[in-house]
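See below for the structure under consideration.
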Amino acid sequence: MSRSVIKQLQERGVEVDEIADIVYQLQLPYHSTLTREDCRASVLHVLAKREVQHAIFTGIALDVLAEQKLLPEPLQGIMEEDEPLYGVDEVLALAITNVYGSIGLTNFGYLDKTKMGVIGRLNDNKEQIHVFLDDLVASIAASAAARIAHQYETQSYQEEHSESV
């Protein structure tokens, strides 16, 4: 199913490497040896999780149905306007970040506010509806960054404590 979710992301204009670039920007200040390949691997790890895939499939389907004007009112209008008080898109995205703890949540909040990289491009696109996708991409990047942060902290902790033994 990972290939299917990556294909759907690509069909909506999102490449794994664009998400990895956001992860790199988020984590490089804390992890000087980080590579873009590390970030790409972390994104792919997040995308391999079934609950992540389900959230992406659901969000993309709702965006596409809204573009095709197939949703019932008032939902259709809410989606077309990207109503600021409509928070279901964030709730779906938070289902992904919750897997990665509080750092995933704070990363998501930061990305949702700053609209870094591809997230901003999706948010600003007036030709397609990306009510869900911009938040889902932010949650994937936030989760992948949190995953790296957790790994780095574990390595640092182990190195620090192995020296004192």
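The values are calculated or read from the model by the stated rules, or taken from the named source; none is laboratory data. No experiment lies behind these values; they were computed from the predicted model shown. Methodologically, a virtual Cβ is constructed for each residue, glycine included, from the backbone with ideal geometry; neighbour enumeration extends over all protein chains shown.
Scanning region 79-98 for residues that are among the aliphatic types (A, V, I, L, M), surrounded by fewer than 19 Cβ atoms within 10 Å (Cβ to Cβ) and over 12 Å from the mean Cα position of the chain (by Cα) gives Leu85, Val88, Val91. Take the conditions (1) out of contact with any helix residue (DSSP H, G or I) (no Cβ under 9 Å at 6 or more places or on another chain); (2) under 18 Å from Gln151 (Cα atoms); Leu47 misses just one of them, which is (1). In summary, Pro72 fulfils each of the numbered conditions (1) outside any loop (DSSP other than H, G, I, E, B); (2) surrounded by fewer than 19 Cβ atoms within 10 Å (Cβ to Cβ) with the single exception of condition (1).
Among the conditions (1) at pLDDT 95 or above; (2) within 15 Å of Leu133 (Cβ to Cβ), Ala95 misses just one, which is (1). Summed over region 30-40, residues that are part of a helix (DSSP H, G or I) and at pLDDT 95 or above total 5. Residues that are surrounded by 21 or more Cβ atoms within 10 Å (Cβ to Cβ) and not aliphatic (A, V, I, L, M) were ranked within region 99-127; the one that is farthest from Glu51 (Cα to Cα) is Asn107. If you scan region 19-34, which residues turn out to be in contact with a helix residue (DSSP H, G or I) (Cβ under 8 Å, 6 or more places away or on another chain) and more than 17 Å from Ile96 (Cβ to Cβ)? Once the filter is applied, which keeps residues that are in contact with a helix residue (DSSP H, G or I) (Cβ under 8 Å, 6 or more places away or on another chain) and more than 17 Å from Ile96 (Cβ to Cβ), region 19-34 yields Asp21, Tyr24, Gln27, Tyr30, His31, Leu34.
Just one residue in the set Ala61, Ala55, Ala20 is in a helix (DSSP H, G or I) and free of Cβ contacts under 8 Å to residues at least 40 places away in the same chain; that residue is Ala61. In region 55-75 there is at least one residue that is closer than 21 Å to Gly101 by Cβ and at pLDDT 95 or above. Taking the conditions (1) touching a residue at least 40 places away in the same chain (Cβ under 8 Å); (2) closer than 13 Å to Asp134 by Cβ; (3) part of a helix (DSSP H, G or I); (4) not polar (S, T, N, Q) in turn, Phe108 satisfies each one other than (1).
Inside region 27-71, residues that are more than 20 Å from Met116 (Cα to Cα) and of a type outside the set (A, V, I, L, M) make up a count of 14.
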